Amino acid sequence: QAISARKRLLAPRRGAARQLRPRPAALVYVAMEDPPGTPQHVAVVAAPSTPAKEAQSHMGGYVSEYAPVSRGGHNQAATLQDTSRIPVTVMQLEEYLAVQRGMRRNCQTLPLTLALFIVYAMSAFYHLQAETSFKSSNYIRTGIEGSSYTSTAGIERRLDDVAEWSDIMPWIDHALVPYLQAPSDQQSLLGFVRVRQVRGVGTAVCEKLSDELQEFYGRGCFPAGGVVDEYGPKREKYELPDAAFQAVAGLPNTFDFWLEVQRDRRVVSERIRKLEREGWVDLSTQEIDIDGLFLNMEAHVYTKFNLKFKLHREGLVEPLLVVKPLRGEVYDHWSQMFLDVLFASLLAVLLYSVLTAMLLEGREDFWGVVMDPYQWIDVAMIVVASSIVGVFYYYVFWLSKFSAEVFALGDMPALSIAEAPAERKVEAAVASNAYEDRLMGLIDWFDWYIMLLDWLRITSAIFGMITIGRFFRGFYGQPRMAVLVQTTLYSASFIMHFIIMLLFIFAIFALGGYILFGEQLEGWSTPDRCIGRMLLVLFERFDYQEFNEVAPMSAALWFASFYLLVTLLLARTLTAAIVYNYHEVRSRLGEPGMGLQKQLLDMLREALYGSTFKASQKSILADDLLDVLAKDTDQRHLRRLGNLQVDRRLRSRADLHKAERSKAVDENELVKLGCEREMARRLLEQCAAWTYAISETSSPSRRLMILIARQVNFLRAEAEFLDGTLRKAFDRSTKLVDRINLKHAKSVALARRIRKAQQLPPGWTVHTDQDGRRYLRQTETGLTSWTLPK
């Protein structure tokens, strides 16, 4: 009875479970091959009895194509070219809208960035006029470098031939002065030329020599340092002191004299020879600087030349000529002001866009906006550009002052100190000193303008680098360029470590070159020159023969080691790492990126469709639809999707769970969200085509993985349902068995009582009469009874 009751109890539950459990569709998954050049896909075909909606829901939106199979087994599945039949999930639609919004916003930054760059480039070109300044300065450079004279020995001596300290003054007298006095229709020398000397204090004993070597040497040394206020020949009290032998005020050890090259050649030459006779230059001289200003009236370009003779203690005289131009007029035409106004207007537009983005996006995700690097790029661009504008107009203001000072310089004094008679020497000295002070001020002003101009050049270079960063942001609007930008940024960490490693290798090989070739080759004689030569060796722009002439075996070993380690190993490792990072970025995105031609064609199609009647129907905007769909999604994740900074691979359980749980979306759901039906259909078709074009999301392995995950989840749900059903049935069965055991115990107790009640007392026996009736009889007394005696 208990077993029958258990069967009756479980029979209805088993039927209910059979009714609740969905019957899986008869699906067959077939790996199909597309034409060459297209990725494989998985098609789902079903038995004729399987409804189409059941087959599509079984894949949860990742069904490539559904088609029934005839009973003969022929595959009638359609190809994937008809993307309108590909289901779209919420996650795919959300990613598609986020990518489209990010591309649109990034592309919208390009016009402003391009306009800023073009206007700034045109403004720099018209204000700088580098070709004019270069030609003006190069004319003076080549003239000074080509100045020469013929010595008494009949040898032509140029600037590079000055090798001794005693050759400096003769070269100035016979080569430089004739060039400066030569008439020129374009270049005019402003006033005099300053010759400045820095001296040291000679010592009777050389500190670096031992006593034996000092006794052998027999002379003193002339190191730098010390304090020299005045030197030269002794003069009588009534004679005027020569300013060339008196230190410049505030500059100890510094002595100036002025070449009055605009005077007669004989006067200038006599002045130089007199200083040479009186020992103005000797072994204590450390360096000599010659400064002069030229003005090109037609181009209005100021040019300063600085010729420095560095007297090394080893005996070498090293001449160094530096020529720097300075435009006197920044605005050649009034229309150039329009470029500056346009640049300032574009800068104001950029400031407005940055503030608007911060205020609007900061409400939803303040820290996301703060941590956005492109926001900081825009802020840095505004700050640097504003500083450039401010310093530029400050420079323009003082440049006009400089031009006024040049025109107010006037003519040189009528008499030089050497030509003036005795009674007018003081007057000539006072006039010359005043004129020289004005020239000194112009030279110092010129150096200050050059420093200001150098600062403008540096900030302009920084502005250009920042513009590259903003262009990178705009390039994110083009998928294929976005892949290249991400590859560059993805490789930045490796490149930084590569540069650190390369710097150490460079330093080691530079030290080796300094040790091996420094004493024989000028290019390897100093650390900075060694670094420059190492760069030439890296790019193979050097002469190996000069190494071979110094140390053949050492040069071969040194160069072979550098070539193997740097050129063959490190350089190719860098190339391989960048290529690997490019493939890694492509693997993460699952696509090489849409080409520029296709993107322009799609934009043209969208523009043509926007002019049609269907596009004019009232519908929810794509950005608003994205906000509705992704209201619970992190805004930073949406920005990363918009910049294609996403890994579409299923690399974790969370990724697989998200893809597996994403449900399909159809036109009706989009219509409920406010989208017009035609727009909803077109949006789903575009999203399906975009998803299909991504090899990572449309690959058979990904689909099969999601399908297996769904099947496992289905089996888990079935197992959990059966487990719950069996547990409930087992609990009911256990309760029934407990009730049966209780009733059985009660029955046993009752049976025992009945049995005990039917037992005969001692001395009584059971008998049967002639009619077959049972009666009891006591043996001792013979009493009988029909019932059991009590």
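Specify which of the listed residues (189, 213) is farther than 19 Å from residue 312 by Cα and touching a residue at least 12 places away in the same chain (Cβ under 8 Å).
Only one candidate passes the filter, namely 189.
What are the residue pairs meeting all of these: first residue in segment 608-620, first residue farther than 18 Å from residue 671 by Cα, second residue open to solvent by less than 70 Å² (accessible area, probe 1.4 Å) and at pLDDT 75 or above, Cβ atoms under 9 Å, and 6 or more apart or on different chains?
That search, which allows pairs on different chains as well, returns 609/682.
Tell me which residues, restricted to segment 318-362, are small (Gly, Ala, Ser) and touching a residue at least 60 places away in the same chain (Cβ under 8 Å). Walk me through how you get there before you give the answer.
Taking segment 318-362 and keeping what is small (Gly, Ala, Ser), we get 328, 335, 344-345, 348, 353, 357, 362.
Result: 328, 353.
Hey, which of the helices (runs of 4 or more DSSP H) in segment 139-256, taking only ones fully inside, have at least 2 residues that are surrounded by fewer than 18 Cβ atoms within 10 Å (Cβ to Cβ)?
Correct list: 177-181, 211-217.
Taking the residues in segment 557-578 that are aliphatic (A, V, I, L, M) and touching a helix residue (DSSP H, G or I) at 6+ places or on another chain (Cβ under 9 Å) as candidates, determine which candidate is nearest to residue 644 (Cα to Cα).
Start the filter on segment 557-578 by keeping residues that are aliphatic (A, V, I, L, M), which leaves 557, 560, 564-566, 568-571, 574, 576-578.
Filter once more, so that each one left must be touching a helix residue (DSSP H, G or I) at 6+ places or on another chain (Cβ under 9 Å): 565-566, 570-571, 574, 577-578.
On the way: 565: 37, 566: 35, 570: 31, 571: 29, 574: 25, 577: 21, 578: 19 Å.
The selected residue is 578.
Mind listing whichever residues of segment 324-370 are part of a helix (DSSP H, G or I), under 30 Å from residue 138 (Cα atoms) and modelled with pLDDT under 85?
336
Quick check, is residue 268 among the hydrophobic types (A, V, I, L, M, F, W, C), part of a loop (DSSP other than H, G, I, E, B) and either surrounded by fewer than 18 Cβ atoms within 10 Å (Cβ to Cβ) or under 60 Å from the mean Cα position of the chain (by Cα) (or both)?
It is false that residue 268 is among the hydrophobic types (A, V, I, L, M, F, W, C), part of a loop (DSSP other than H, G, I, E, B) and either surrounded by fewer than 18 Cβ atoms within 10 Å (Cβ to Cβ) or under 60 Å from the mean Cα position of the chain (by Cα) (or both).
Scan 243, 153, 224 and give me the residue that is over 57 Å from the mean Cα position of the chain (by Cα) and touching a residue at least 60 places away in the same chain (Cβ under 8 Å). Don't jump to the end; show me each part of the working.
Details: 153 fails: touching a residue at least 60 places away in the same chain (Cβ under 8 Å); 224 fails: over 57 Å from the mean Cα position of the chain (by Cα).
After applying the criteria, what remains is 243.
Among the numbered criteria (1) among the aliphatic types (A, V, I, L, M); (2) over 57 Å from the mean Cα position of the chain (by Cα); (3) open to solvent by 30 Å² or more (accessible area, probe 1.4 Å), which one does residue 428 miss?
If we test residue 428 against (1) among the aliphatic types (A, V, I, L, M); (2) over 57 Å from the mean Cα position of the chain (by Cα); (3) open to solvent by 30 Å² or more (accessible area, probe 1.4 Å), just (3) comes out false.
Against the condition within 18 Å of residue 110 (Cα to Cα), open to solvent by less than 70 Å² (accessible area, probe 1.4 Å) and aliphatic (A, V, I, L, M), how does residue 351 come out, does it pass?
So residue 351 does not fit the description; no.
For segment 671-681, give me the residue count where each residue is in contact (Cβ under 8 Å) with a residue 12 or more places away in the chain and under 13 Å from residue 614 (Cα atoms).
Of the residues in segment 671-681, the ones in contact (Cβ under 8 Å) with a residue 12 or more places away in the chain are 673-676, 678-681.
Imposing the further condition that a residue be under 13 Å from residue 614 (Cα atoms) reduces the set to 675-676, 678-681.
Adding up the residues that qualify gives 6.
Scan segment 412-431 and tell me whether some residue there is of a type in the set (D, E, K, R) and within 16 Å of residue 191 (Cβ to Cβ).
no
What are the residues in segment 575-593 that are touching a residue at least 40 places away in the same chain (Cβ under 8 Å) and exposed (fewer than 12 other Cβ atoms within 10 Å of the Cβ), if any?
Result: no residue meets the conditions.
Filter segment 682-712 for residues that are closer than 27 Å to residue 612 by Cα and touching a strand residue (DSSP E or B) at 6+ places or on another chain (Cβ under 6 Å) and give the result.
Scanning segment 682-712 gives 684, 687, 688.
When both residues are 6+ apart or on different chains and their Cβ atoms are under 6 Å apart, which pairs have a first residue that lies in segment 419-442 and is free of Cβ contacts under 8 Å to residues at least 24 places away in the same chain, and a second that is open to solvent by 40 Å² or more (accessible area, probe 1.4 Å)?
Cβ pairs passing all conditions: 428/415; 428/417.
Can you report the number of residues in segment 222-267 which are among the acidic types (Asp, Glu) and farther than 30 Å from residue 411 by Cβ?
3
What's the total number of residues in segment 286-323 that are more than 18 Å from residue 194 (Cβ to Cβ), out of contact with any Ser or Thr (no Cβ under 6 Å at 6 or more places or on another chain) and either in a strand (DSSP E or B) or modelled with pLDDT of 90 or more (or both)?
2
Being closer than 30 Å to residue 475 by Cβ, surrounded by fewer than 14 Cβ atoms within 10 Å (Cβ to Cβ) and either within 33 Å of the chain's Cα centre (by Cα) or not basic (Lys, Arg) (or both) is true for just one of 625, 596. Which residue is that?
Testing whether each residue is closer than 30 Å to residue 475 by Cβ, surrounded by fewer than 14 Cβ atoms within 10 Å (Cβ to Cβ) and either within 33 Å of the chain's Cα centre (by Cα) or not basic (Lys, Arg) (or both) leaves just 596.
Across segment 271-281, what is the total count of residues that are assigned to a loop (DSSP other than H, G, I, E, B) and either open to solvent by 40 Å² or more (accessible area, probe 1.4 Å) or among the aliphatic types (A, V, I, L, M) (or both)? Break it down stepwise before answering.
So the first thing to find is which residues in segment 271-281 are assigned to a loop (DSSP other than H, G, I, E, B), and the list is 278-281.
Among the residues that remain, those that are also either open to solvent by 40 Å² or more (accessible area, probe 1.4 Å) or among the aliphatic types (A, V, I, L, M) (or both) are: 278, 281.
Adding up the residues that qualify gives 2.
Pick out the one residue from 99, 119 that is more than 28 Å from residue 453 (Cβ to Cβ) and surrounded by 17 or more Cβ atoms within 10 Å (Cβ to Cβ).
99
Restricting to segment 635-663, name every residue that is under 30 Å from the mean Cα position of the chain (by Cα) and in contact (Cβ under 8 Å) with a residue 60 or more places away in the chain.
Within segment 635-663, 635, 636, 638, 639, 641, 642, 643, 644, 645, 646, 648, 649 qualify.
Would you say residue 387 is within 42 Å of the chain's Cα centre (by Cα), surrounded by fewer than 17 Cβ atoms within 10 Å (Cβ to Cβ), at pLDDT below 90 and part of a helix (DSSP H, G or I)?
The answer is no for residue 387.
Considering 381, 412, which residue is open to solvent by less than 20 Å² (accessible area, probe 1.4 Å) and touching a helix residue (DSSP H, G or I) at 6+ places or on another chain (Cβ under 7 Å)?
So the residue among 381, 412 that is open to solvent by less than 20 Å² (accessible area, probe 1.4 Å) and touching a helix residue (DSSP H, G or I) at 6+ places or on another chain (Cβ under 7 Å) is 381.
The values are calculated or read from the model by the stated rules, or taken from the named source; none is laboratory data. Every value quoted in this text rests on a predicted model; they were computed, and no experiment measured them. No Cβ is skipped: glycine too gets one built from the backbone with ideal geometry, and neighbour counts run over all protein chains shown. Each accessible area value is taken on the protein alone, full model and side chains, heavy atoms only, with ligands, DNA and RNA left out. Shrake-Rupley method; radii C 1.70, N 1.55, O 1.52, S 1.80 Å.
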